[in-house]
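Undergrad: Before I ask anything, here is the structure I am working with.
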Amino acid sequence: MGLNMREGYQGTGPGAITPDGCSVEHYARLAVGAEPDIIAAAVPAGAHILELGCGVGRVTHPLLARGFRVTAVDESPEMLERVRGARTICSPIEKLDLGETFDVVMLASFLVHAGDIEVRRGLLRTCARHVAEGGCVLIQREGEDYHTDLPRERVDASGCTVRIVSSEPVGDGVNSVHAEYVFPDVTWTQTFRSRPLTKEQFEEALGEAGLRVDRYLTEDRIWVRAIREE
Ligand SMILES: C[S@@+](CC[C@H](N)C(=O)[O-])C[C@H]1O[C@@H](n2cnc3c(N)ncnc32)[C@H](O)[C@@H]1O
């Protein structure tokens, strides 16, 4: 386990583990899903995307292949080492202040559900600070049954069984979620904090950062296109 873990976050299994409990090798093996299609349908061709929490570039690489420019940010140097073809920046997202703006800022992987409200505020302020006039922020939020439809599992295209085992309240509206990622030859686990947000709470959190929903991009309302409030 890393020495610099975020409180309430941990991971087990071989290789480097990020402060939020993700395994670098696990993400290097995972296949990409519908993310690039959803993103490409919501933004102008060739846009410059600031991708926050890019990991090993699982989504970055297909976006580059489609002709987008990507600046990829993560706090894990071990994750960033695997990103190819994008400018990379190693930083906690909540502290990022590049002094430049982007056509698109992307905050995926449910990071908006950070257990610590101050971290969430920081993440959303980073989004607002870096989006260009007329640009947009793409956010991936949790599905509305993620903390109730438990345990649940699915097999990803890479052959990984992703099993969300439990989600237990730890106070102040925050849950501790335990997940297992099982390949035939290796298992990683992750425990992380998540603050469930109703649609209303999510929209209120955006508002605090000076953002508002432009439209929900998917029927399940997991992917959101937000813009700066006038
Ligand atoms: C679940 S992984 C997803 C990676 C990538 N978005 C993907 O879908 O493959 C989350 C990534 O975000 C990074 N991360 C999480 N919280 C962060 C923060 N506050 N600042 C910077 N990086 C963060 C982790 O280091 C990890 O690489």
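The values are calculated or read from the model by the stated rules, or taken from the named source; none is laboratory data. Everything quoted here is computed from the prediction, not taken from an experiment. No Cβ is skipped: glycine too gets one built from the backbone with ideal geometry, and neighbour counts run over all protein chains shown. Side chains included, ligands, DNA and RNA excluded: accessible areas come from the protein's heavy atoms. Shrake-Rupley method; radii C 1.70, N 1.55, O 1.52, S 1.80 Å.
Undergrad: Using just the helices of the chain, give the 222 nm mean residue ellipticity in deg cm²/dmol: DSSP H runs with n ≥ 4 each add -39,500 (n - 2.57), and the total is spread over all residues, rounded to 500.
TA: Rounded to the nearest 500, it is -5500 deg cm²/dmol.
Undergrad: Would you pull out the residues with amide H under 5 Å of A16's amide H, same chain only if 5 or more places away, H placed 1.01 Å from N?
TA: Result for A16 returns V24, E25.
Undergrad: Rounded, prolate or oblate: which fits region 46-114 when a ≥ b ≥ c are the square roots of the eigenvalues of the alpha-carbon gyration tensor, with rounded for a/c under 1.5 and prolate only if a/b beats b/c?
TA: rounded
Undergrad: Can you give the net charge of the other residues whose Cβ lies under 15 Å from the Cβ of I38, counting K and R as +1 and D and E as -1?
TA: That works out to 0.
Undergrad: Another one. Which far-off residues, 5 or more places away or on another chain, put their amide H under 5 Å from the one on D214, with H placed in the peptide plane?
TA: HN-HN under 5 Å from D214: R225, A226, I227.
Undergrad: In Å², and per residue, what accessible area does region 152-194 have when probed at 1.4 Å with the other protein chains present?
TA: Ligands and nucleic acids excluded, the figure is 49 Å² per residue.
Undergrad: Once you keep just the Cα pairs under 8 angstrom separated by 6 or more residues, what percentage relative contact order results for region 152-194? Could you put the intermediate results ahead of the total?
TA: On the way: 78 pairs, mean separation 13.1, N = 43.
Dividing the mean separation by the residue count of region 152-194 yields 30 percent.
Undergrad: Let me ask another. Return a whole-number percent for the relative contact order of the chain, with Cα pairs under 8 Å and 6 or more residues apart as the contact set.
TA: 18
Undergrad: Among residues other than V174 whose Cβ falls under 12 Å from its Cβ, what is the net charge (Lys/Arg +1, Asp/Glu -1)?
TA: Working: positive: R120, R193, R195; negative: E7, D116, E168, D172.
With Lys, Arg at +1 and Asp, Glu at -1, the net is -1.
Undergrad: When Lys and Arg each count +1 and Asp and Glu each count -1, what net charge do the other residues less than 13 Å away from R82, Cβ to Cβ, add up to?
TA: Neighbourhood net charge equals -1.
Undergrad: Could you please state how large a percent of the accessible area of region 152-194 is carbon and sulfur, counting protein chains only and using a 1.4 Å probe?
TA: On the way: 1060 of 2110 Å².
In region 152-194, the share of accessible area belonging to carbon and sulfur is 50 percent.
Undergrad: What are the equivalent ellipsoid semi-axes of region 1-135, built from the alpha-carbon gyration tensor (square roots of five times its eigenvalues), in whole angstrom, biggest first?
TA: Largest first, region 1-135 gives 24, 18, 12 Å.
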